[in-house]
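Notes follow once the structure below has been shown.
The values are calculated or read from the model by the stated rules, or taken from the named source; none is laboratory data. These numbers come from a predicted model, not from an experiment. Methodologically, a virtual Cβ is constructed for each residue, glycine included, from the backbone with ideal geometry; neighbour enumeration extends over all protein chains shown.
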Amino acid sequence: MMNTKKRLWQRAKGYLFGLSLFFIVSNVFGQEIQPSSEDRIYFCPELSAELFSDLVQNGRIDRMEYKGDNITPKLYINSPLGEYVREVWQGSDDPVFIAESLFFLPKDEGWANNDISLISKIIRSVSTMEGIEYYSNSNQKIETLYKKSYTINNPDDKKKIPDKTDVDATNLTTYVYQEDNSFGKTVYQADIRQTENEVAMVLHNVEPIKFGFINAVKKNNLSISFHFLDKGDFIVTYIYALIKFPALSIFENKVSESFRARIDAIYNWFLDFYLKENKD
């Protein structure tokens, strides 16, 4: 078991440099863990057999779309909270860019059958995101994604408070301040929903986002969602971003280059935290 965890740990670290993760985790009998035919209903109907196979074999699949006719989610988890995540857009205009990634993580022997409480605690621990790194395609090097990250009391005062990890997350709203390498100083409303085997967190920018002196993204025109489904033998993670921004090449390049790396960094942050909790 420890060798398997060590292997997962090493792969998670390597993934920070833009490499794909390939999860090959075996159960106690040495057989590869696969979703059953009954579990298949938890994946979106649009997911082809080929993509589903890629997800299980490689640990992830991704999709990005810009200025197309398909700025709608295609990789979502098919569940009650999945429906909630799909309907999160609050922008004044339709989004022009979508990025979505679906991750499949088989559990190792000895891990808890249901880790939703732990996962919920992790995603609410936003202060631990401070200092996480990502690969900047524009600068061709590893950089800090969030120079600052913490929970605040409200969008007006922006007073730093402890992360809300010890409260009921069934229907929780809180606020997050982040100093982002790409988006600068950003305030989000974080809406969290939790059920017996699912948890989702949806972030909306409650203030405009500036690129230099330009208001590049209006209030509520950036949405980033995180959805986790624990099926006992495996965890499915869906990260989903929608954004509306002006049709200027400087924004197009910045957004399209940063979001894949951003999703990588955020998932690695979660995975790093989760594996540490299950290491012993």
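Structure above, values below:
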{"quantity": "Tyr146 at pLDDT 90 or above, farther than 28 Å from Gly184 by Cβ and surrounded by 15 or more Cβ atoms within 10 Å (Cβ to Cβ)", "calculated": "no"}
{"quantity": "Pairs with Cβ under 6 Å, 6+ apart, first in the range 264-280 and touching a residue at least 24 places away in the same chain (Cβ under 8 Å), second of a type in the set (Ser, Thr, Tyr) and buried (at least 22 other Cβ atoms within 10 Å of the Cβ)", "calculated": "Ala265/Tyr134"}
{"quantity": "Filter pass, Lys218 being within 21 Å of Thr72 (Cα to Cα) and not aliphatic (A, V, I, L, M)", "calculated": "yes"}
{"quantity": "Enumeration of residues in the range 204-215 that are surrounded by fewer than 22 Cβ atoms within 10 Å (Cβ to Cβ) and hydrophobic (A, V, I, L, M, F, W, C)", "calculated": "Val206, Phe211, Phe213, Ile214"}
{"quantity": "Candidate set: the range 44-91, residues that are of a type in the set (S, T, N, Q) and assigned to a helix (DSSP H, G or I); chosen: the one nearest to Ala261 (Cα to Cα)", "calculated": "Asn58"}
{"quantity": "Residue within the range 100-116 that is modelled with pLDDT of 95 or more and outside any strand (DSSP E or B) present", "calculated": "yes"}
{"quantity": "Members of the range 175-196 found to be in contact (Cβ under 8 Å) with a residue 40 or more places away in the chain and either touching a Gly at 6+ places or on another chain (Cβ under 8 Å) or within 30 Å of Ser138 (Cα to Cα) (or both), listed by number", "calculated": "Val176, Gln178, Asn181, Ser182, Ala190"}
{"quantity": "Qualifying position, being at pLDDT 95 or above, closer than 26 Å to Asp115 by Cβ and of a type outside the set (Asp, Glu), among Phe270, Phe234", "calculated": "Phe270"}
{"quantity": "Count of residues meeting criterion [aromatic (Phe, Trp, Tyr) and at pLDDT 90 or above] in the range 237-267", "calculated": "3"}
{"quantity": "Complete set of residues in the range 182-203 that are outside any strand (DSSP E or B) and buried (at least 17 other Cβ atoms within 10 Å of the Cβ)", "calculated": "Ser182, Phe183, Asn197"}
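Let's see how each residue does on (1) without any contact (Cβ under 8 Å) to a residue 60 or more places away in the chain; (2) under 15 Å from the mean Cα position of the chain (by Cα); (3) surrounded by fewer than 19 Cβ atoms within 10 Å (Cβ to Cβ):
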| site | (1), (2), (3) |
| --- | --- |
| Glu100 | no, yes, no |
| Asp108 | no, no, no |
| Asn113 | no, no, yes |
| Ser120 | no, yes, no |
| Gln140 | yes, no, yes |
